[in-house]
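The values are calculated or read from the model by the stated rules, or taken from the named source; none is laboratory data. Computed from a predicted structure; not experimentally measured. Because the Cβ atoms are built from the backbone with ideal geometry, glycine has one as well, and the counts that use them run over all protein chains shown.
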Amino acid sequence: MSYKSFEFTFPTRIVFGPGESGRAAEHAAQFQPKKIFLMTYADVLLPVVKKLTADLDEMKIPYVLYDKCTANPTAVQIDTAAEVCMAEGCDLVLGVGGGSVIDSAKSTALLVTNPSEGGIWDYVSYAKEPVNRPLTIMLVVTIASTGSEGNESFVITDREGKDKLIFNHPFVKPVLSICDPELAKTLPPKQTALGAIDVFSHVLEQYLHDDPHADASDEMCFGLLKTVHKWAPVAVAEPENMDARSNLLWCAILAMSRVLGVGHEENWLGHMLEHAVSAKYNLSHAAGMAAIMPAYLDFIEAKGQIPDKLGRLAALLDAEKAGEGLRKFQRELGLPVDLSEALGHGASEDEISEMALHSLPWGPTEAACLGEFSQKDAETVFHNCFK
């Protein structure tokens, strides 16, 4: 039966629109913070950060600028950030950036109020359960990609760079996320394209199931896939096109809002496979998804699963096969289509076995439309990714 019992809430307040990031300080002031922990990238000072800090100075709102966020944040980085945040006496964490900054902001806010001897990894590994609500979490989103500006998840890599796990808990839903499509205008074309494929993969993971009667969810999924397919090339070719930027950003939020996946099985194996890759090679998550999802679609098709759904997807992508179509779409966006291309090298049998093992940290898992997915299955997909 479709739509088994579920609960759905979306408590995050989304402020969406061109120019809305210019009011970030005003929105932050509504929380009456004693001091803001402002988290952003280590390698680039975004113009929106300059405007925000100037406004906070003018409004005499104390803040600490923590510009040490990097791609694929590690447990060590989060433990350090939480120590600084706690020492500074901050009570609001304000993340400005994309997925890595959002992950860093959420996890830091949680660890400050739930200190643990093993740091954030105690929670990510589910060795412990947080009991205290985190510091207030506010975000300014700079790219249409991760969608975690509206959900209860973050992803962290362990200290050894082997396991990359997702942590889900209602505590880490942001209170407010400012989503300004204008902030993406200055992104390099490849970054725009990667963000779009990240959104596409998020929707796919909720579309690749075998419940034949979840029509409301499937039609929402397919509408988002069509929208990304239409507007991603426009955003790459015309960086200042606000129709393209706005559609992609709203798709990103909806894709990870949980509205698409409730009441039926979901399929997040592509992400589990990618997490093992980016943990090992520090590849960006979106590039990893671009490199893995075509081969994963091939794997599902070879199993003879959900032919109607895959056929519909192939038709959207103007190809005979879904995996072939996704490769074609990614080529049009200037993106890699396998791991050999994304990484610039191959992988040994031992490396493939290691990644397959770490892609299934809890052992063989049930996957919508595939049944049990084993380490051997993961190795098969990785082999095809390195052809």
Given (1) in contact with a strand residue (DSSP E or B) (Cβ under 9 Å, 6 or more places away or on another chain); (2) part of a loop (DSSP other than H, G, I, E, B); (3) modelled with pLDDT of 95 or more; (4) within 18 Å of Cys69 (Cα to Cα), Ser145 misses just (1)
In this structure, does Tyr126 turn out to be over 15 Å from Ala25 (Cα atoms), not assigned by TED's automatic domain parsing to the domain that holds Ala252 and not in a loop (DSSP other than H, G, I, E, B)?
-> no
For Phe200, are the conditions met, namely being in the same structural domain as Leu269 (by TED's automatic domain parsing), farther than 26 Å from Pro47 by Cα, aromatic (Phe, Trp, Tyr) and not in a loop (DSSP other than H, G, I, E, B)?
-> yes
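Any residue in the range 260-270 that is in a helix (DSSP H, G or I) and farther than 28 Å from Val15 by Cβ? Full working, then the answer.
Of all residues in the range 260-270, those in a helix (DSSP H, G or I) come to 269-270.
Those left that are additionally farther than 28 Å from Val15 by Cβ: 269-270.
Within the range 260-270 (the criterion being in a helix (DSSP H, G or I) and farther than 28 Å from Val15 by Cβ), the answer is yes, since at least one residue qualifies.
Could you say which residue among Ala196, Ala232, Ala144, Ala237 is among the small types (Gly, Ala, Ser), farther than 17 Å from Leu326 by Cα and buried (at least 19 other Cβ atoms within 10 Å of the Cβ)? Write out each step before concluding.
Values: Ala196 fails: farther than 17 Å from Leu326 by Cα; Ala232 fails: farther than 17 Å from Leu326 by Cα; Ala237 fails: buried (at least 19 other Cβ atoms within 10 Å of the Cβ).
Only one candidate qualifies: Ala144.
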Name, by its number, the condition in (1) assigned to a helix (DSSP H, G or I); (2) hydrophobic (A, V, I, L, M, F, W, C); (3) within 26 Å of the chain's Cα centre (by Cα); (4) surrounded by fewer than 24 Cβ atoms within 10 Å (Cβ to Cβ) that does not hold for Ile102.
-> (4)
How many residues does the range 20-45 hold that are farther than 20 Å from Gly150 by Cβ and modelled with pLDDT of 90 or more?
-> 12
Can you tell me which of Lys164, Lys173, Lys106, Lys185 is basic (Lys, Arg), in contact (Cβ under 8 Å) with a residue 24 or more places away in the chain and in contact with a His (Cβ under 7 Å, 6 or more places away or on another chain)?
-> Lys164
Would you confirm whether any residue within the range 243-251 is under 30 Å from Pro361 (Cα atoms) and touching a Pro at 6+ places or on another chain (Cβ under 8 Å)?
-> no
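Scanning for something of a type in the set (Asp, Glu), out of contact with any helix residue (DSSP H, G or I) (no Cβ under 6 Å at 6 or more places or on another chain) and not in a helix (DSSP H, G or I), does the range 356-369 turn up at least one residue? Can you show your working first?
In the first step, residues of the range 356-369 are kept if they are of a type in the set (Asp, Glu); the result is 366.
Filter once more, so that each one left must be out of contact with any helix residue (DSSP H, G or I) (no Cβ under 6 Å at 6 or more places or on another chain): 366.
Those still in the list that are not in a helix (DSSP H, G or I) too: 366.
Yes: one or more hits.
In the range 339-373, which residue that is hydroxyl-bearing (Ser, Thr, Tyr) and surrounded by 14 or more Cβ atoms within 10 Å (Cβ to Cβ) is modelled with the lowest pLDDT?
Thr365
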Lys4 meets each of (1) in a helix (DSSP H, G or I); (2) touching a residue at least 60 places away in the same chain (Cβ under 8 Å); (3) more than 27 Å from Gln191 (Cβ to Cβ); (4) charged (D, E, K, R) with one exception, condition (1)
Just one of (1) hydrophobic (A, V, I, L, M, F, W, C); (2) surrounded by 24 or more Cβ atoms within 10 Å (Cβ to Cβ); (3) more than 21 Å from Gly195 (Cβ to Cβ) trips up Phe167, so point out which.
-> (2)
When restricted to Leu269, Leu224, Leu273, the only residue assigned by TED's automatic domain parsing to the domain that holds Asp211, crowded, with 22+ Cβ neighbours inside 10 Å and either of a type in the set (Ser, Thr, Tyr) or touching a strand residue (DSSP E or B) at 6+ places or on another chain (Cβ under 9 Å) (or both) is Leu269
Requiring at least 1 residues that are surrounded by 15 or more Cβ atoms within 10 Å (Cβ to Cβ) and either among the polar types (S, T, N, Q) or more than 22 Å from the chain's Cα centre (by Cα) (or both), the strands (runs of 3 or more DSSP E) wholly within the range 11-77 are 36-41, 63-69
